[in-house]
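Okay, structure first, notes after.
Readers should treat all values here as calculations from the given coordinates under stated rules, not as data from a laboratory. On a predicted model such as this, the values are computed, not experimentally measured, just so you know. Note that each Cβ is placed from the backbone with ideal geometry, even for glycine, and that neighbours are counted across all protein chains shown.
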Amino acid sequence: MTNRRKFLQAGGAVTIGSAVSSILPGCASTPEIRKPVGRVMIIGAGYGGQTAAKYLRLWSAGSIEVMLVDREPTFISCPMSNLVIGGSRTLAEITRSRNRLKEHGVQLLTDEVTAVDHARKMVKFKDRYADMGYDRLIVSPGVDLMYDTLPGMNSADAQSQVLHAWRAGPQTVALRKQIESMPDDGTFVISIPLAPYRCPPGPYERVCQVAHYLKQAKPKARIVVLDANENITSKGPLFRAAWEQLYKGMIDYRPNSEVKDVDVRGKTLKTDFDNVKGDVLNVLPSMRAADIARSTGLINANNRWCSVDWLSMESTAVPGIHVLGDATMSAPAMPKSGHMANQHGKLAAAAIVEIMNGRQPNQEPVLANTCYSFVSDKEVIHVSSVHQYDAKQKTLVAVPGSGGVSAQRSEIEGAYGWAWAQNIWSDMLS
Amino acid sequence: MNRTLLLAAVLAIAPLGARAQGTDPNLGRMLASNCANCHGTNGASVGGMPSLAGKPRAALLQMLREYRDGKRPATIMHQLAKGYTDAQLEAVSTYLSAQKPN
């Protein structure tokens, strides 16, 4: 009761009941699922969390209470954010309000969850809200960057100068400004960590977008790509063709070049063999499931990722908690993408509706993925795959003969790529 | 509730006919949620991609089969359609044809 009162004082308009007896908005009219069946709390409102929130409300016919927590009041999309760096889109064009989720009965909480007590099924918040209970928890936290692996980057000061821009927002705009202020004959150096990392084609798309800008504004400038991987990790031939045909002579791609340290003041990236100096450095460190996954005890794969049961997205470490998106230990050939996180959200929503009604989740889930990458302001390439559950291997498996990549880059796919963003944003948010 | 208990509970209460062969009673809905990322929630596109909601089942199914068999020009649908069984293509067509267009 104390908690409830504190919450109401802090939270104002949000309606809330106890975890099992909330009063529902008028939409719970489906006869088979009429009674409220409990509360799902969702930590992280990105591609995974937002999708899970909307679909839990839709598929439970309003009988599951859904709370969606995020530090940020609005959604800024990571997919398409390279276009802001390239200059053909603004941050406003990749930013969306979450308000329409309220029409589905999702309760939006702007705050940070600092701790999960899974024995008591309670979460603690940083600022506005008092401790709150849940029946099931979804953790869709995204990635944190492993700066501890790069000694020179391990300070707030270093991190404010050498940017990642791998979460869309202020860093996206700041990196664009750094590139704009680069000398005309300057060098942009980007480093790519060993896979797996968030958005496999993302770094190569970024190279295209920076090249697209430099080609117009600073044609004497150069790009060095230090890739820890032995080759381009996604759509390699298509990216190479774009680099060769659209940005000839501008891009120096160096595979097997893992950055081991950064000299921030000297503007130098260090590999085992080389020191590479640049005017603008863009360091993508190794990544792992974000801190809240770690402190909740969900990280159980390679000390970096969260293993899940692919029939429900339920954690294999902590029962009652479902993990979505980039934070998961991916199934074979499954990329860490926004599109895939959306698919995880739907799989989890469907399974949670069944579980909370005492039924078994679907035993044959199917997910699909597509990543569109802009190789210029207008031309796009894609990679796609379909993943069906394999009961013997107990995982999702890419269907042989399905999926693939674009035949060639095209403006037709440029239009589809942007349309994909509009449709997936509204699939999550409206 | 742990998994074994849950399963026991399910076996005790679930009408068995509904789960014969383990088929998802929400198969069409689940499959259509694969398409929603591009074609909009329940196939109602917000633009730039064709809308599928409310199109006749036979037309949807025919297009999907043509994509699968490489008989219909496409940038991507020929790759995606190959990832589903014919029964799944039927189920998703049935579901989408019953949805409200925008």
* Asked: Expressed in nm to one decimal, what extension gain is obtained for the pair A:ALA415 and A:ALA241 from 0.36 nm per residue of sequence separation less their Cα-Cα distance?
  -> 60.6 nm
* Can you pull the one-decimal nm distance between simple spin-label points at A:VAL173 and A:THR149, each 7 Å off the Cα toward Cβ? => 3.1 nm
* Structure fact -> Each residue of B:76-87 has, on average, a number of other protein chain C-beta atoms within 10 Å of its C-beta equal to 6
* To do: Mind checking the full-extension length gain between A:ARG254 and A:ALA92? Use 0.36 nm per residue of separation minus the Cα-Cα distance, one decimal, nm.
  => 54.9 nm
* **Label-zone membership for the range A:364-390, site A:GLN216, 7 angstrom Cα→C-beta point, backbone N under 16 Å** => A:374-380
* Reduced Cα scattering model of chain A, Debye log10 I(q)/I(0), q = 0.11, 0.14 Å⁻¹ -> -0.85, -1.29
* **For A:VAL264, A:VAL66, order by how many other beta-carbon atoms lie within 10 Å, fewest first** => A:VAL264, A:VAL66
* Asked: Where in the range A:336-357 does the label zone of A:ALA195 land, with the point 7 angstrom along Cα→C-beta and an amide N cut-off under 19 Å?
  -> A:336-341
* Rounded to the nearest 5, what % of the DSSP beta bridges within the protein assembly as shown are antiparallel ones? -> 50 percent
* Using the beta-carbon distance between A:GLN363 and A:ASP272 and R0 = 35 Å, what value does 1/(1 + (r/R0)^6) give for FRET efficiency, to the nearest 0.05? -> 0.15
* So what is the relative contact order of the range A:323-422, in percent, for Cα pairs below 8 Å that sit 6 or more residues apart? -> 23 percent
* Structure fact -> For B:VAL46, other-chain or 5+-apart residues with amide H closer than 5 Å (H placed, Pro excluded) are none
* Taking the simple approach of a point 7 Å from Cα along Cα-to-Cβ for both A:ASP131 and A:ASP184, what is their distance in nm? -> 6.4 nm
* Per-residue [θ]222 nm for chain A (sum of -39500 (n - 2.57) over DSSP H runs n ≥ 4, rounded to 500) -> -8500 deg cm²/dmol
* Asked: GNM on chain A, C-alpha springs below 10 Å: top fluctuator among A:PHE239, A:PHE374, A:PHE125?
  -> A:PHE125
* Degrees between helix A:236-246 axis and first principal axis of chain A (Cα, 0 to 90, nearest 10) -> 50 degrees
* Mind listing which trypsin sites (Lys or Arg not before Pro) in the range A:152-221 are in a DSSP loop and have 10 or fewer other Cβ atoms within 10 Å? -> A:LYS220
* Structure fact -> Averaged over residues of A:352-361, the number of beta carbons from other chains lying within 10 Å of each residue's Cβ is 4
* Would you please classify the overall shape of the range A:164-285 from the alpha carbon gyration tensor, given that a ≥ b ≥ c denote the square roots of the eigenvalues, rounded means a/c under 1.5, and beyond that prolate means a/b larger than b/c while oblate covers the rest? => rounded
* Asked: If you average the sequence gap of Cα pairs under 8 Å that are 6 or more apart and divide by the length of chain A, what percent do you get for the contact order?
  -> 17 percent
* Calculate the radius of gyration of the Cα atoms of the range A:61-155 to one decimal place, then report Dmax, the largest Cα-Cα distance, as a whole number, both in Å. => 17.1, 52
* If you put +1 on each Lys and Arg Cβ and -1 on each Asp and Glu Cβ, how big is the dipole of the range A:164-285 around its Cα centre, in Debye rounded to 20? -> 360 debye
* Asked: Counting Lys +1, Arg +1, Asp -1, Glu -1, what net charge surrounds A:ASN300 among other residues with beta carbon under 14 Å of its beta carbon?
  -> +1
* Asked: Going by a ≥ b ≥ c, the root eigenvalues of the Cα gyration tensor, does the range A:338-430 fall in the rounded group (a/c under 1.5), the prolate group (a/b larger than b/c) or the oblate group?
  -> oblate
